[in-house]
Ligand SMILES: [Zn+2]
């Protein structure tokens, strides 16, 4: 039952985060644990168990669509819908997904719906007030990989840093990826 390790491993990661996390979200008046909403930065938790990869992406919506509120024009509605569709695709996530298959993708946009506080009911309480976000979960299987090249920063140039916290059955680590260096190397 590969999926059963997911909540446990994610909890372990989230507990590990504060050490590596930025502390610049204080100006939002919110001290919640994993609430580092910083424009230009996206964060990714990665758990690998056997050949199964579980990824959890969090990004300020400013990085993805350039606004962080409910869409107000037809153009913004289209932008939001398009970004949600794009983020659910493997080539958006990875540059060379040759050895990976995407089994599941779930993209949510807390803080971006017309009802100002509906995200409080969906477990997305990490959203900073008035700052919409994109949260995406992925389940992949990848054969014998030791590195992943991410495409997110090429797709969404406003993402200047991708902070990756990863854990495998035996190792764990942290890496800060940039548009110039989008490769994550990990030890299984
Ligand atoms: Zn923001």
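Below is a table of values for the structure above.
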{"read-out": "The stretch 147-188, residues that are touching a residue at least 40 places away in the same chain (Cβ under 8 Å), under 17 Å from residue 91 (Cα atoms) and assigned to a strand (DSSP E or B)", "value": "148, 149, 150, 162, 184"}
{"read-out": "Failed item in (1) under 13 Å from residue 132 (Cα atoms); (2) within 13 Å of the ligand (Cβ to nearest atom); (3) surrounded by fewer than 21 Cβ atoms within 10 Å (Cβ to Cβ); (4) modelled with pLDDT of 95 or more, with residue 71 passing the rest", "value": "(2)"}
{"read-out": "Breaking point among (1) buried (at least 16 other Cβ atoms within 10 Å of the Cβ); (2) modelled with pLDDT under 95; (3) more than 27 Å from residue 76 (Cβ to Cβ), for residue 188", "value": "(1)"}
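To keep it simple, each residue is scored yes or no on (1) under 18 Å from residue 46 (Cβ atoms); (2) surrounded by fewer than 21 Cβ atoms within 10 Å (Cβ to Cβ); (3) within 16 Å of the ligand (Cβ to nearest atom); (4) at pLDDT below 80.
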{"site": "85", "(1), (2), (3), (4)": "no, yes, no, no"}
{"site": "90", "(1), (2), (3), (4)": "yes, yes, no, no"}
{"site": "106", "(1), (2), (3), (4)": "yes, yes, no, no"}
{"site": "120", "(1), (2), (3), (4)": "no, yes, no, yes"}
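The values are calculated or read from the model by the stated rules, or taken from the named source; none is laboratory data. Note that the structure is a prediction, hence the values are computed from the model and not measured. Glycine gets a Cβ as well: all are built from the backbone with ideal geometry, and neighbour counts include every protein chain shown.
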